[in-house]
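A quick write-up on the structure given underneath.
The values are calculated or read from the model by the stated rules, or taken from the named source; none is laboratory data. If you're wondering where the values come from, they're calculated on a predicted model, not measured in any experiment. Ideal geometry is used to build each Cβ from the backbone, glycine not excepted, and the neighbour counts take in all protein chains shown.
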Amino acid sequence: MKVILATLSLLLFSTSFSQETNETVDINGTTRSYVQYLPTGFDPVTESLPVVFCLHGLGDVATNMANIGYNQMGDTARFIAIYPQGLDNSFGQSSWANGTSFLSSTADDISFFHQLIDDVILNQNADPTRIYATGFSMGGIMSHKLACELNSRIAAIGSMSGTMSTADLNTCVPSYATPVMHVHGTADGTVPYAGSPLPTLELVQPTIDFWRNAHGCSATADSTQLPDVASDGYTVDRFVYQSCNPQGSVELWRVNGADHEYFYQPVNDFTEAVEIWLFLRQWSHSSPATAGVSSSLNMSFSIYPNPSKSVINIESSSAENGTIVSLAGEELMNLTINSGTNIFDLSQLNPGMYILHTDNPNGLSQRIIIE
């Protein structure tokens, strides 16, 4: 798996970009890392962009996943790409706490992703209705888990060669029916397509059936075969399930004869990253949770109206001191926030986005937009 993706990186996407940065975040005392890519010319004041989380497979690294093409697509399609790094399992392999009993890590990955979503909404003005997840192999398994565990935040997923864990299939009760695209080779020797499943991991059809039932789809699907233009020995059947709510929300791309690999043109008949983005971009979450839902953090105040022309109200559950800073980190105003309703005139600030930090250790910063 790692060799295939690394080879793709050298062939197609070897250029480095200044807007790609290595970031860290503290999750309950553990430092977690990720790669973040902001599209060329990105302005968080004027743009509220979608976010694609792209998850590596077992033993792989985030910097490798950052080379499969999402950065280049983000420049033109206008989305933020984030590549989280998994922590090691007991065998020393970078992994995810994906719900399986084998090769999984014990990291608090759900809090990690909660915090990453909070941060990109708060710091980059990301659109909370368009947060997506995709991943290869174990990253695909984790994408299915995120659709269950972060059901209030993930708008759609695209899994590459990674099925649902048995635990998730048996316990997931999504209140929001997550649109799902799943790509898998029928000769996959690592995560089987059919036949005998690995312990605690489902096969492809039970995975599809779970999401088909979540969307109320019929058992039948519209089937088309992609033009067989590559000399890879594979053919590709695309199944779009019928009568789903909403229509077209469950897709299976079956790559006949293919093993556990990432597909890209011109070697193959299609490029996975491109097709998954074309699927993801169709969907918006109907009622996403906003920043601050992480179980380890509590929202201590609310701001309204936001955006505002100048005057804001801050409703606080406690007395605390606040500081308004620019996106560059410059301190602009100090606020004394009392318990209850507070009114502040921010007319001295220029139009744009700002961050309000407080000294409450259990509180979250919030963004303020001045029009």
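Residues that are polar (S, T, N, Q), under 30 Å from residue 45 (Cα atoms) and in a loop (DSSP other than H, G, I, E, B) do not occur anywhere in region 185-199. Within region 110-127, being surrounded by fewer than 23 Cβ atoms within 10 Å (Cβ to Cβ) and either touching a helix residue (DSSP H, G or I) at 6+ places or on another chain (Cβ under 7 Å) or not in a helix (DSSP H, G or I) (or both) holds for 110, 125, 127. Please determine whether any residue of region 136-144 is modelled with pLDDT of 95 or more, surrounded by fewer than 24 Cβ atoms within 10 Å (Cβ to Cβ) and assigned to a loop (DSSP other than H, G, I, E, B). No. With the condition kept exactly as written, say whether any residue in region 279-291 is at pLDDT below 80 and under 30 Å from residue 140 (Cα atoms). Yes, region 279-291 has at least one match. Within region 216-233, is there a residue that is buried (at least 19 other Cβ atoms within 10 Å of the Cβ) and within 27 Å of residue 56 (Cβ to Cβ)? No, because not a single residue in region 216-233 is buried (at least 19 other Cβ atoms within 10 Å of the Cβ) and within 27 Å of residue 56 (Cβ to Cβ). Do we find that residue 97 is touching a Gly at 6+ places or on another chain (Cβ under 9 Å), surrounded by 19 or more Cβ atoms within 10 Å (Cβ to Cβ), assigned to a strand (DSSP E or B) and not hydroxyl-bearing (Ser, Thr, Tyr) in this structure? Answer is no for this residue.
Within this structure, residue 207 passes the test of being surrounded by 17 or more Cβ atoms within 10 Å (Cβ to Cβ), of a type in the set (Val, Ile, Thr), within 21 Å of residue 148 (Cα to Cα) and in contact (Cβ under 8 Å) with a residue 40 or more places away in the chain. Screening 217, 244 for residues that are more than 24 Å from residue 73 (Cα to Cα), in the same structural domain as residue 180 (by TED's automatic domain parsing), modelled with pLDDT of 95 or more and in contact with a Lys or Arg (Cβ under 8 Å, 6 or more places away or on another chain) leaves exactly one candidate, 244. Quick check: is even one residue across region 275-282 more than 30 Å from residue 356 (Cα to Cα), in contact with a Phe, Trp or Tyr (Cβ under 6 Å, 6 or more places away or on another chain) and assigned to a loop (DSSP other than H, G, I, E, B)? No, region 275-282 contains no residue that is more than 30 Å from residue 356 (Cα to Cα), in contact with a Phe, Trp or Tyr (Cβ under 6 Å, 6 or more places away or on another chain) and assigned to a loop (DSSP other than H, G, I, E, B). Only a single criterion out of (1) loosely packed, with under 12 Cβ neighbours inside 10 Å; (2) touching a His at 6+ places or on another chain (Cβ under 8 Å) is not satisfied by residue 162, namely (1).
Here is a yes/no grid of residues against (1) buried (at least 20 other Cβ atoms within 10 Å of the Cβ); (2) modelled with pLDDT of 95 or more:
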residue	(1), (2)
69	yes, no
74	yes, yes
77	no, yes
80	yes, yes
90	no, no
